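Student: Encoded as structure tokens, here's the structure I'll be asking about.
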Amino acid sequence: VSLSLKELAVRIGAELRGDAAVRVDRVASIDTASQGSVAFLSDARYKHNLQSTGASAVIVSPELASGAPCAVLVMANPYLGYARAAQALHPRLRPEAGVHSTSVIDATARVPPSAVVGPHCVIEAEAVLEKGVELGPGCVIGARSRIGEDSRLVARVTICAGTQIGRRVVIQPGAVIGSDGFGFAPDGDRWEKIPQLGRVVIGDDVEIGANTTIDRGALQDTVIESGAKLDNLIQVAHNVRIGSNTVMAGCVGIAGSAKIGSNCMIGGGVGIAGHLEVPDRVTVTGMTLVSKSLPGPGVYSSGLPAQPNKSWNRILARLFKIDDLFRKIADRRSRADDKD
Amino acid sequence: VSLSLKELAVRIGAELRGDAAVRVDRVASIDTASQGSVAFLSDARYKHNLQSTGASAVIVSPELASGAPCAVLVMANPYLGYARAAQALHPRLRPEAGVHSTSVIDATARVPPSAVVGPHCVIEAEAVLEKGVELGPGCVIGARSRIGEDSRLVARVTICAGTQIGRRVVIQPGAVIGSDGFGFAPDGDRWEKIPQLGRVVIGDDVEIGANTTIDRGALQDTVIESGAKLDNLIQVAHNVRIGSNTVMAGCVGIAGSAKIGSNCMIGGGVGIAGHLEVPDRVTVTGMTLVSKSLPGPGVYSSGLPAQPNKSWNRILARLFKIDDLFRKIADRRSRADDKD
Amino acid sequence: VSLSLKELAVRIGAELRGDAAVRVDRVASIDTASQGSVAFLSDARYKHNLQSTGASAVIVSPELASGAPCAVLVMANPYLGYARAAQALHPRLRPEAGVHSTSVIDATARVPPSAVVGPHCVIEAEAVLEKGVELGPGCVIGARSRIGEDSRLVARVTICAGTQIGRRVVIQPGAVIGSDGFGFAPDGDRWEKIPQLGRVVIGDDVEIGANTTIDRGALQDTVIESGAKLDNLIQVAHNVRIGSNTVMAGCVGIAGSAKIGSNCMIGGGVGIAGHLEVPDRVTVTGMTLVSKSLPGPGVYSSGLPAQPNKSWNRILARLFKIDDLFRKIADRRSRADDKD
């Protein structure tokens, strides 16, 4: 796609300073950009790249807008402008609508003419695809589930029976939505399986990463609210609720019935225990264990940064004696008090 | 399914107090239950819900059995009763037996008439499905593997060559059983692959979660004993042994040749190093690192609960100086001793 | 396969001491080996097994070569010898070349006659398989991607559009290569998706584990250099670079734009933050958090070994007061200084 800077400025919501007729056909990073590309600059530390850029235009904040050797597209949030420019210049090619002949569609399923169903998909009884849904190769859509308008399952996604998915949801390959929750009642030493009768309900504009797993609820539903973004290899247990616009980096694990608020940012490898609440607007940094409800918005951590192994072993040896140390110090203090 | 309380009491092994003719057709949680449903109460803290429940019957322990506005089903372990009631009232609909026309079955594989093979499955040479096995869509059953009676692979499960699976095993979507173990011999800077010649052997009544991976053994087998339950996104390396009835929450990683005992409970995100032993009846809490063999049954931990980020940074700064602190205190003590 | 020890010695690069005509047809572990098998011994602690082994030959280092009741194959690195012997005696049976009739191959894709394409694969437009490539059942090869000579995708592997894979690469089941990176620009409270325009580029002789995910780059590429080995359930974010011959155990998570050097060894469950550098020849032990660039080669750790739960709770309580302790000690010192 080729756009004039005039057109692009409108598309991304920026003020154009420069030649409106110049055309661009791709995005690029500011240091490697060449003629015909548009770059962005949002961090003042990289301002030196602006003077030397080969881009035809740079999306930039008002503070950084001077000194460019090319046109600038000025807006408060250049990173957002870049996202919009990349969408405008690099639109995804939508495959032709229609159902591939190798796919197996139950007679009671509803697949509108506008849907794309790639090869080797399976759509079970009473499942519903809404308008413009796109299934890549090898997706399984379980019975009675519903996929909302313009949602896209990239490839080999499994949607288990009864799952409800909103509009414009993107699900990366290998994700599993609606697998059984991990529920077992002890019967002496053995475990009796508890049928998992709830569903997974996903809002609009959610993104779910590759090989991420989201379990159905035990009795009530597991819920992912609109606008939440989940990265790869995340585990969401039964009856979890994730609030709107919350983002989670890869390898997060959330235990059953945890309630995560809206607009949270959960770092990679974080573990969240079950039956607790994380309020709105919480940030949890990488590899932190959230073992209790958090008291309010803010940043929480318990990750341990890597140390040279020898130092770390010394620290550990001391840490495991920290209780002794506290007691010795208390003893000495009381002896000192006796002396005084 | 609709059952009289008389029938239900027999099915779950409870003593009925109330009208034996009342019928129920579903389970529900005690606070949202309505007429026709059966709920359970096992925690004295929620006893207030009993008085106000709308359920037609409540499964309850003898201590909590009084004060219900409806029939009660009394048994020592109400949670187990609930599991059984849910199974009785919400039985899974078994698809019709038979092999879907799109599946590819090797001529030397054995698939009994009672088996269900969904669309797009592949069953390779000499693989054996026993009676009543159920394969959902897109499963791959490798050569010479065997799936025991009444086991169910939900969808898109990969069973690699030679894997042996017991009876009534349930495997959630995306799980991979029998992938190559991670074995490489150093050859200078490069790595030579060591063929992985062992198998995965799984007992009866095992459950394996979505996208969980279990590697085949290098020479001997990787073994999951009967009754073990593994949640989603767990990694089991080659030659690991997991004892009977052990349960593991999501995101656990177990390195090669670790031996985990029976009746253990392993929390989410736990890491278990290779070549060690975890004895029977060990509980490991979430995100703990088991780096050495554990000495006996009991509860083990090393998870760090989240702190406000500022506090945590202060704690970390101090922790990294803990060795200095110990040394200063030892110095001061010896100086104090000199003075005395 | 049956080989004489003479042949085997040549194949593995060892010096034979013993009867060159003896034949072996399998590898075995030294303590369970029987007639016709070859074992190895590399650890002096297990030397007692050598005297009693039932193997027909043992691969052993010069220091441990005496006292065997059978032939010995002497070489500096017996473990490497074992890897080579196992490859020679247990070669993988390559399926017959050809495309299974249930696979869907785009007319513009290139599949040479020497390739194996199992059932239910999908090969999209302009994708290229080089000579001898082997796709197991259910693999998806996205548009314009290329799979190098003699690479093997075991089963149900997803290769997204544009991915470049080198020669002799092995990818275990369920892996996803080239899924969208996790890139979103904030737009008030909601998130705007940033199209992920880079590729994944993988060198030669790489191994990728089951259900591991590797995201495509945002603008530039995500790169896995030749000889790297990745275990199961690893998450590699966009624009990460992993150097040649680096090995990573299961459950590692690497955030965006991290650069990992060559010949590194990354333990299980390690988390590596984004936009940092890990130099060549770094070892990171299990469950460590690498939150900053590491200064040079060496071993780094921050894993906390499991403690009995009660001890751990006491340690934690003290740790969370460590700042108070430091301050009290500093106070007391200054008071002591006042007294002096």
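Student: Restricting the stretch B:138-149 to residues that are touching a Lys or Arg at 6+ places or on another chain (Cβ under 8 Å) and more than 16 Å from A:R156 (Cα to Cα), which is least open to solvent (accessible area, probe 1.4 Å)?
Tutor: B:G148
Student: Taking B:A317 as the residue in question, decide whether it is at pLDDT below 95 and part of a helix (DSSP H, G or I).
Tutor: So B:A317 fails the test.
Student: Any residue that is in contact (Cβ under 8 Å) with a residue 12 or more places away in the chain and farther than 19 Å from B:V290 by Cβ - is there at least one of those in the stretch C:299-318?
Tutor: Checking the stretch C:299-318: at least one residue is in contact (Cβ under 8 Å) with a residue 12 or more places away in the chain and farther than 19 Å from B:V290 by Cβ.
Student: For the stretch C:162-206, give me the residue count where each residue is touching a residue at least 12 places away in the same chain (Cβ under 8 Å), among the small types (G, A, S) and at the interface with chain A (Cβ under 7 Å from one of its Cβ atoms).
Tutor: Total meeting the criteria: 2.
Student: Here is a follow-up. For B:L135, are the conditions met, namely being under 23 Å from C:A210 (Cβ atoms), open to solvent by less than 50 Å² (accessible area, probe 1.4 Å), modelled with pLDDT of 95 or more and in contact with a Gly (Cβ under 6 Å, 6 or more places away or on another chain)?
Tutor: yes
Student: Output the residue which, of all residues in the stretch A:265-274 that are buried (at least 24 other Cβ atoms within 10 Å of the Cβ) and among the hydrophobic types (A, V, I, L, M, F, W, C), is farthest from C:G253 (Cα to Cα).
Tutor: Among residues in the stretch A:265-274 that are buried (at least 24 other Cβ atoms within 10 Å of the Cβ) and among the hydrophobic types (A, V, I, L, M, F, W, C), the one farthest from C:G253 (Cα to Cα) is A:A273.
Student: Okay, next question. Within the stretch A:249-264, restricting attention to residues that are over 13 Å from B:M287 (Cβ atoms) and surrounded by 24 or more Cβ atoms within 10 Å (Cβ to Cβ), which residue is nearest to the other protein chains (Cβ to nearest Cβ)?
Tutor: My answer is A:G250.
Student: Would you mind stating whether B:R84 is open to solvent by less than 70 Å² (accessible area, probe 1.4 Å), over 30 Å from A:V104 (Cα atoms) and not aliphatic (A, V, I, L, M)?
Tutor: yes
Student: Against the definition (open to solvent by 50 Å² or more (accessible area, probe 1.4 Å) and either facing another protein chain (nearest Cβ under 9 Å) or more than 30 Å from B:A273 (Cα to Cα) (or both)), how does B:P113 come out, yes or no?
Tutor: yes
Student: Given (1) within 12 Å of chain C (Cβ to nearest Cβ); (2) surrounded by 16 or more Cβ atoms within 10 Å (Cβ to Cβ), identify the lone condition not met by A:N49.
Tutor: (1)
Student: Continuing with this model, one more query. For A:V299, only one of the following conditions fails: (1) assigned to a strand (DSSP E or B); (2) open to solvent by less than 20 Å² (accessible area, probe 1.4 Å). What is its number?
Tutor: (2) is the only condition that A:V299 fails.
Student: Here is a further query. Could you check the stretch C:136-163 and list, in sequence order, the residues that are in a strand (DSSP E or B) and over 20 Å from the mean Cα position of the chain (by Cα)?
Tutor: C:V140, C:I141, C:R146
Student: Right, something else. In the stretch B:282-340, how many residues are among the polar types (S, T, N, Q) and either more than 7 Å from every other protein chain (Cβ to nearest Cβ) or in contact with a His (Cβ under 9 Å, 6 or more places away or on another chain) (or both)?
Tutor: Residues in the stretch B:282-340 being among the polar types (S, T, N, Q) and either more than 7 Å from every other protein chain (Cβ to nearest Cβ) or in contact with a His (Cβ under 9 Å, 6 or more places away or on another chain) (or both): 5 in total.
Student: Which number in (1) out of contact with any helix residue (DSSP H, G or I) (no Cβ under 9 Å at 6 or more places or on another chain); (2) surrounded by 16 or more Cβ atoms within 10 Å (Cβ to Cβ) marks the one condition that B:S101 misses?
Tutor: If we test B:S101 against (1) out of contact with any helix residue (DSSP H, G or I) (no Cβ under 9 Å at 6 or more places or on another chain); (2) surrounded by 16 or more Cβ atoms within 10 Å (Cβ to Cβ), just (2) comes out false.
Student: List pairs: first residue in the stretch A:81-104 and over 22 Å from C:G138 (Cβ atoms) and more than 7 Å from chain C (Cβ to nearest Cβ), second residue part of a loop (DSSP other than H, G, I, E, B) and modelled with pLDDT of 95 or more anywhere in the structure, Cβ distance under 6 angstrom, at least six positions apart or on different chains.
Tutor: Hits for this filter: A:G81/A:A14; A:G81/A:M75; A:A97/A:S114.
Student: When the residues of the stretch A:207-248 are filtered to those that are among the polar types (S, T, N, Q) and more than 14 Å from chain C (Cβ to nearest Cβ), which remaining residue is most open to solvent (accessible area, probe 1.4 Å)?
Tutor: Ranking the candidates gives A:Q220 first.
Student: In the stretch C:1-83, which strands (runs of 3 or more DSSP E) lie fully inside it and hold 2 or more residues that are over 30 Å from the mean Cα position of the chain (by Cα)?
Tutor: Correct list: C:15-17, C:71-74.
Student: Working only within the stretch A:107-126, note down all residues that are without any contact (Cβ under 8 Å) to a residue 24 or more places away in the chain and in a loop (DSSP other than H, G, I, E, B).
Tutor: A:A107, A:T108, A:V111, A:P112, A:P113, A:S114, A:A115, A:P119, A:H120, A:C121, A:A125, A:E126 - these are the residues of the stretch A:107-126 that are without any contact (Cβ under 8 Å) to a residue 24 or more places away in the chain and in a loop (DSSP other than H, G, I, E, B).
Student: Ok, one more. Is it fair to say C:H120 is surrounded by fewer than 23 Cβ atoms within 10 Å (Cβ to Cβ) and either of a type in the set (S, T, N, Q) or within 13 Å of another protein chain (Cβ to nearest Cβ) (or both)?
Tutor: No: the conditions fail for C:H120.
The values are calculated or read from the model by the stated rules, or taken from the named source; none is laboratory data. These numbers were taken from a predicted model, which means no experiment stands behind them. As a convention, Cβ positions derive from the backbone with ideal geometry for all residues, glycine included, and neighbour counts pool all protein chains shown. All accessible areas refer to the heavy atoms of the entire protein, side chains included, with ligands and DNA or RNA removed. Shrake-Rupley method; radii C 1.70, N 1.55, O 1.52, S 1.80 Å.
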